[in-house]
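Following: one structure in structure tokens, then a few remarks.
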Amino acid sequence: MQQDKIPTIIIVGAGLGGLSLYHALIKNKDKREFNVKIFERESSPTDRWQGYHIGLSNYGAQSLLNCIPSSIASNLPKATPNTVPDVETHGIIITDQVGNVLLAPPTKPFKDFYELAKISRGLSSMIIYRDRLRDVLLDDVPVQWNKKCTKYVETQEGVWVFFEDGTQEFCNILVGADGINSPIRKQKLPELQIVNYGITHVGVDISIPKHLMDRASKIHGNVLARKTLGTKGDSTFMMTRLIPIKQEQDDEKNEPHYRATLVYSYPSELDNVDTESEKAKVDDNDPASVIEHVKVLIRTLRPDCELTDLLLELWDLAPKTIPNDPIKFPFKNYNPVQRRMMRDIDPMSIKSWTSSRVVLLGDAVHAMSPILGLGANNAIQDADKLSQALLKYTDNNISFIEEYEKEMLKRTSADVLKSRNVTFKTSTPLGPFGVIVRDRILKVINVMINFYSFADNLIFKD
Ligand SMILES: Cc1cc2nc3c(=O)[nH]c(=O)nc-3n(C[C@H](O)[C@H](O)[C@H](O)COP(=O)(O)OP(=O)(O)OC[C@H]3O[C@@H](n4cnc5c(N)ncnc54)[C@H](O)[C@@H]3O)c2cc1C
């Protein structure tokens, strides 16, 4: 096989990580030129709903800005709208099941994405639109769609990549950015285990009318990430922006609406309990039955109170059919609402591996519980670090990959384990005494981190 003078890099997976890497490699081409190709199993940009708000941290934001050229950065506000002054607070608030505040970590104010990216101490996060970030990142990228990678074969010279349609491509470096079920990871590191937490979560994107958002904000203030902890191992999570969206649904009151992501999590064993009121069996291909299941659980596990009523009304806004008309539906949410198992890839299931021309990034190698909002941030940081490592590319020496993998594993293993730990801690059913202890501990932590942050701000005026 005759190698091109310019080495070829193949990226499999056009998600947030793969696209960030593509841009970074093109951006750096004056320093080191590669022939970069990117393949995606989906048939088009709108094949699958990319929904969900996500929280981008100051570290993720810095890496994203490192990766993308100014032409892409100029479109970022579509995905990362500026903070609305005096209306929005980027941060998280955690309450108990009746709305008493347990934890409200202090937040550093920032007016836009660029200010967020400049924060160098501590962790700050901005709620952004995940679907629009994907759209922005797709701009100017010649993704080859409908190309599902099935396997690869490494040779002396490089790597052959095989696709389901019977085609194959040769490259010098193969990057698996192909998500949690990555066939590339399964082939390269079959020892890496997926851990199933025994926790189910249901996530949905909705459009909330102002009168309901006002009620929600009475409980949680204007903080944009809102979590409530039940006592039976169940929890709710809502991410929103308080920016009115263009109204695409018929609405008699013609009031402003806001987009929001709702997630309900609970111990999976509750999927097997027959509640009297649950007449129909839950069917993951029937969104109405999944939403009804969530509402039955909320009604059964939560006390009668304003917060429970509000949660039920919010879940009523979830789409109960599979809308295959992406234009008509508010968020082009054309994938059905389904129950999903919470899982991660256990970094402890492998001690070390031999670096090769096949390298992994993002969820493909370190999928983690979404509870701390660190998955996409790490995928983008991987892209940043790998693009820097690739500046040292030579045909005969792959020690730069080893350096990337060492840094990536150290950074992400800690986050996988931290996310798992917090998920288990917040998903354990508690008795009355356990609830008192949990609430006290969280309240003490709340006082401590607020005090620490106050002192930190006095000392470091960053
Ligand atoms: C409910 C929820 C909330 C979340 N909230 C946050 C948050 O607040 N903050 C945060 O940082 N993260 C969050 N995450 C996680 C975050 O979305 C992921 O960690 C991130 O998208 C991973 O990026 P990636 O590029 O590695 O993988 P993905 O975005 O999954 O992209 C992988 C791509 O590879 C493609 N692909 C898969 N297999 C193949 C194949 N065989 N051949 C070709 N292409 C293939 C897929 O179609 C996909 O486009 C959340 C996740 C969930 C589920």
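The table that follows gives values for the structure above.
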| read-out | value |
| --- | --- |
| Highest to lowest packing among 172-185, 27-40, scored as the average C-beta count within 10 Å | 172-185, 27-40 |
| Check: the chain dipole with +1 on Lys, Arg Cβ and -1 on Asp, Glu Cβ, in debye | 1060 debye |
| Vicinal HN-Hα couplings computed from phi for segment 400-406 (Karplus, 6.51 cos²θ - 1.76 cosθ + 1.60; Hz; Gly/Pro x) | 5, 5, 4, 4, 4, 5, 5 |
| Cα-based reach from K147 at 22 Å (exclusive), listing lysines while leaving out same-chain residues under 8 positions away | K37, K186, K188 |
| Reachable lysines, given that their alpha-carbon falls under 22 Å from the alpha-carbon of K118 and they are not under 8 places away in the same chain | K27, K78, K108, K385, K461 |
| Positive-end residue, the chain charge dipole about Cα centroid, Cβ charges, pick of I298, N66, L133 | N66 |
| Ascending count of other beta-carbon atoms within 10 Å, so fewest first, for D344, D140 | D140, D344 |
| Calculated over segment 1-149: convex hull of Cα atoms, volume per residue (Å³) | 155 Å³ |
| Sum of -39500 (n - 2.57) over DSSP H runs of 4+, divided by residues of the chain (222 nm, nearest 500) | -11000 deg cm²/dmol |
| Cβ-based charge dipole, segment 358-462, positive-most Cα from F454, Y404, P370 | F454 |
| Dipole of the chain, positive direction: furthest Cα of Y266, Y114, S20, with charges on the beta-carbon | Y114 |
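Every number in this text was worked out from the coordinates using simple rules, so none of it is lab data. Please read these numbers as outputs of a predicted model, since none were measured by experiment. Heads up, the Cβs are rebuilt from the backbone with ideal geometry, glycines too, and the neighbour counts pull from every protein chain shown.
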